[in-house]
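The values are calculated or read from the model by the stated rules, or taken from the named source; none is laboratory data. Treat the numbers as computed from the prediction; the structure is a model and nothing was measured. Cβ coordinates were reconstructed from backbone atoms using ideal geometry, including for glycine residues, and neighbour counts include every protein chain displayed.
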Amino acid sequence: MNEPKTEMVGAKYITRATDHMQYQPGMDNIGSEVQDEVIARMQAEDFSRYTAADVLCALRKDALQPADFAALLSPAALPYLEQMAQRAQAETRRHFGNSVQMFTPLYIANYCENYCIYCGFNCHNKIRRAKLDMDEIERELQAIAATGLQEILMLTGESRAMSPVTYIGEAVKLARKYFRVIGVEIYPLNVDEYAYLHGCGVDYVTVFQETYDAGKYETLHLGGHKRIFPYRLNAQERALMGGMRGVGFAALLGLSDFRKDAFATGLHAYLLQRKYPHAEIAFSCPRLRPIINNDKINPKDVHEPQLLQAVCAYRIFMPFASITISTRERAGFRDNIIGIAATKISAGVDVGIGGHSGEDKGDEQFEISDGRSVDEVLQAITGHGLQPVMADYLYV
Ligand code: SF4
């Protein structure tokens, strides 16, 4: 008989012995028909069954079905990357013109109660932890605003105790003084908490599911709230129920079977778009990166061609969706992708705590590949004949 593991990791009441599929007290359970469909179709998907004919058939269609999306993610599509890129580029230009949105992330705290074994912020990694107070946050906001950016993505590690919802809400109210568009990438919340943050000024919520393979998820998330797979998976829907106008989706490609994870990510967004037609959908396409105290972590079989394939497949399947290309990727690759399928790019990025105003109070979440300033990225965008856009939304 297996002995339950009793060591305490992260939050006191969730350990490795906790059933990762069971909601914990206090977590909203909104039902799971979208989750069930995503998981069932992902599990049933066999990417080896697709042929070149399936790929070409998908590329000829005006509107793709999930099976066409799967064909574009299959190994059979890799020889057709050029055709996929051309179709993706045509869709991007049709729906977004030449515009490329710019933003930067602002990490206001790096305390985390979770034990995600691939992340530098995990509660067992010995790094410098920090949390900015409101004066420090304002200095960071001022430094970022001085670069000309008008959109900001505010992040914390996932610690309700150290970064309560009210702390995030007050930080967002400050950010409203300086920025037109505000996103958050924080721990998943209940519907009423998303409504509160929307009232403070948050426009969109991004949640990385990391992997949609629940079995793999369990082995990677050993402690903390994040261990509860369905609570995380349904965060975007709760955010929409709480009034957010936009939601972002991502799998961390390289953690598990990247084709299945990319398929599930796209299908999850597709199903929520059908259920909430007003929702503004966004994808991020992160790959694994080395972290402090573990430089061996890498994205395994997700090389740049496979990443390009996934990004193009997202674009062709969901032509209206915003796609962000991460600073985890090198500058040349990012510049190419904004010419094809991505519509949003970060610039002047610092993934530590306090770095924008030169205070450097806490360590970074992961290594970035593209450390260019806002001006340098702006010049790269215009150099590619594209139009930098600082904000795509105005409140009147
Ligand atoms: S991935 Fe997020 S939740 Fe997991 S350790 Fe890192 S910051 Fe915490």
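May I ask you to verify whether residue 79 is farther than 26 Å from residue 206 by Cα and away from the ligand (no atom under 16 Å from the Cβ)?
When the stated conditions are applied, residue 79 passes them.
Does any residue in the stretch 209-226 that is under 22 Å from residue 161 (Cβ atoms) come within less than 7 Å, Cβ to Cβ, of a residue that is of a type in the set (D, E, K, R) and surrounded by fewer than 24 Cβ atoms within 10 Å (Cβ to Cβ) six or more places away or on a different chain, and which pairs are these?
222/16; 223/16; 224/113; 225/113; 226/232
Give the residues of the stretch 97-108 that are on the phi < 0 side of the Ramachandran plot and either within 10 Å of the ligand (Cβ to nearest atom) or part of a loop (DSSP other than H, G, I, E, B) (or both), sorted by residue number.
Once the filter is applied, which keeps residues that are on the phi < 0 side of the Ramachandran plot and either within 10 Å of the ligand (Cβ to nearest atom) or part of a loop (DSSP other than H, G, I, E, B) (or both), the stretch 97-108 yields 98, 107, 108.
Pairs please, first residue from the stretch 105-132 and closer than 18 Å to residue 188 by Cα, second anywhere and among the basic types (Lys, Arg) and within 8 Å of the ligand (Cβ to nearest atom), Cβ atoms under 7 Å, 6+ apart in sequence or on different chains.
114/226; 116/226
Evaluate the following for residue 59: is it within 23 Å of the chain's Cα centre (by Cα) and surrounded by 15 or more Cβ atoms within 10 Å (Cβ to Cβ)?
no
Restricting the stretch 109-132 to residues that are surrounded by fewer than 23 Cβ atoms within 10 Å (Cβ to Cβ) and aliphatic (A, V, I, L, M), which is nearest to the ligand (Cβ to nearest atom)?
This residue is 117.
Just the residues that are part of a helix (DSSP H, G or I) and within 12 Å of the ligand (Cβ to nearest atom), please, taken from the stretch 194-247.
217, 220, 225, 226, 227, 232
Residues are listed down the side, and each one gets a yes or a no for (1) part of a loop (DSSP other than H, G, I, E, B); (2) of a type in the set (Asp, Glu); (3) crowded, with 21+ Cβ neighbours inside 10 Å; (4) at pLDDT 95 or above:
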position: 262; (1), (2), (3), (4): no, no, yes, yes
position: 265; (1), (2), (3), (4): no, no, yes, yes
position: 298; (1), (2), (3), (4): yes, no, no, no
position: 302; (1), (2), (3), (4): yes, no, yes, no
position: 316; (1), (2), (3), (4): no, no, yes, yes
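Assess whether residue 379 counts as being modelled with pLDDT of 95 or more and at negative phi.
It is true that residue 379 is modelled with pLDDT of 95 or more and at negative phi.
For (1) within 23 Å of residue 161 (Cβ to Cβ); (2) small (Gly, Ala, Ser); (3) outside any helix (DSSP H, G or I), each residue gets a yes or a no:
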| site | (1), (2), (3) |
| --- | --- |
| 83 | no, no, no |
| 87 | no, no, no |
| 95 | no, no, no |
| 121 | yes, no, yes |
| 143 | no, yes, no |
